[in-house]
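Contents: one structure, followed by commentary.
The values are calculated or read from the model by the stated rules, or taken from the named source; none is laboratory data. Just so it is clear, the structure is predicted and the values come from calculations on it, not from any experiment. Every residue, glycine among them, receives a Cβ derived from its backbone with ideal geometry; neighbour counts consider all protein chains shown. For accessibility, only protein heavy atoms count, side chains too; no ligands or nucleic acids. Shrake-Rupley method; radii C 1.70, N 1.55, O 1.52, S 1.80 Å.
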Amino acid sequence: METNTQEFIKLIDRASEISEQMIKDKQSESYPRLNNVINALQSIKSKALNGQLEPSGGVSTLGLAREVADWIEPLDSPLLKAVGGIEEYYQKHL
């Protein structure tokens, strides 16, 4: 697996862990939204591993940061930072 893809997968796994921990800790009433984020992360990971993820070209985003920012509090939450890191990596390296 290509180094860029490996790093990208690590970022996705970290965001998934944060989401799952938020569910376990019941830190958010946004359980359905957290499940949506986890599902989206799994889908993106699968596409990346299978070589089916469309390249960003430095322009496209995955929509993760926008989706999470719409409902998460506070705006400096670890989950928002994690999905922001995924978006940034995607735009710069994939």
Considering only the other residues whose Cβ falls under 12 Å of the Cβ of Gly63, what net charge follows from Lys and Arg at +1 and Asp and Glu at -1? -2
If you count only protein heavy atoms with a 1.4 Å probe, what accessible area per residue comes out for the chain, rounded to a whole Å²? 62 Å²
Sorted by packing (mean other beta-carbon atoms within 10 Å per residue), highest first, where do 11-20, 48-57, 31-40 land? 11-20, 31-40, 48-57
Using a probe of 1.4 angstrom, how much of the accessible area of segment 13-88 is carbon and sulfur, in percent? 47 percent
Would you mind checking the tilt of helix 31-49 against the longest principal axis of the Cα atoms of the chain, expressed as 0 to 90 degrees and rounded to 10? 10 degrees
Around Gly84: net Lys/Arg minus Asp/Glu count, Cβ-Cβ under 14 Å: -1
Per-residue SASA entry for Leu80, accessible area with 1.4 Å probe, Å² rounded to 10: 30 Å²
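Quote the charge dipole size of the chain about the Cα centre in Debye, to the nearest 20; the model charges only the Cβ of Lys and Arg (+1) and of Asp and Glu (-1).
Dipole magnitude for the chain comes out near 140 debye.
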Pairs to check: Lys26/Lys47; Lys10/Lys45; Lys45/Lys92; Lys24/Lys47. Give those whose C-alpha atoms are more than 20 Å from each other in this structure. Lys26/Lys47; Lys24/Lys47
